[in-house]
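Novice: Mind looking over this structure? Questions follow.
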Amino acid sequence: MTAAPAIAQDSRPDRSLVQAYLHRRGEREFRSLYRRHGTALYRFAVLRVGVDAAEEVVQETWIRAARQLPEFRWGSSLRSWLTGITLNCCREALRRRKRERGLEIAPPVASPGAETRLDLARAVSKLPEGAREVLLLHDVEGFTHAEIGRLLGIEIGTAKSQLSRARAAVRRALDSTGEQRHG
C-alpha cells in the first residue's frame, strides 16, 4: 500500500461554519459541515465496521460532535477531531456487535468484488486493532503520523512502527494467499 497524501484541508471554512452553527444552531451550517466531512467519516466507518453499521456510527458521531463542538479548541483540524469521534463510535459498535453475537467479528468488506479486495480486507481485519487503525488512518485516510499519534494517544514513533509492521503483515498475508491460489 502506498501512503495517501496528508490531509491539507484549510480549516478557515470549518471555523466559520462552526462559529455560525454555535451562534445560531442553524441547520444550514450543520449541513455544510456534514457535506464537508460526512463522506470521509462514512468511508472510514465502512472500513472499520462494515456497510451495515457505518451509517449508525456516522450518525452517532455527528450527535456527539454537535454536543461537544462548544468545547472544541482547534488543537487539530476539525476532520481529525471528527475522525477521532468516529473511531470511538466504531470501537463501541464492534464491542456491541461482538457481545450481541458472541462471535468473532467478520472482516468488514465494503464492496465484495475481486478476490484481491477480499484477500486485502481479510488481511487487514486480522491485524491487531492498533495496527489496523494506524494502517487505515495513514494509508486510506491520509492522516500524518503526528495526527495519528494525537488521535490514538500514541507516540509518533509508535505510529510509524505499527504502520511498518501492519504493512509487512498484510504483504505476508497477501503473498501466502496468492501462493495458495496459484500453488
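Read the figures in this text as sums done on the coordinates, not as results from a lab. Everything quoted here is computed from the prediction, not taken from an experiment. Reconstructed Cβ throughout: ideal geometry from the backbone, glycine too, with neighbour counts over all protein chains shown.
Novice: Using packing as a proxy for protection, rank 93-101, 149-157, 80-88, 165-173 so that the peptide with the highest average count of other Cβ atoms within 10 Å comes first.
Specialist: 80-88, 165-173, 149-157, 93-101
Novice: Which whole-number value in Å³ per residue fits the convex hull of the alpha carbons of the range 7-109?
Specialist: Roughly 102 Å³ of hull volume per residue.
Novice: Can you work out the FRET efficiency for the pair Arg25 and Glu71, with r the C-beta to C-beta distance and R0 = 22 Å, to the nearest 0.05?
Specialist: 0.90
Novice: Between Arg91 and Arg12, take the C-beta separation as r, use R0 = 25 Å, and let me know the FRET efficiency to the nearest 0.05.
Specialist: 0.20
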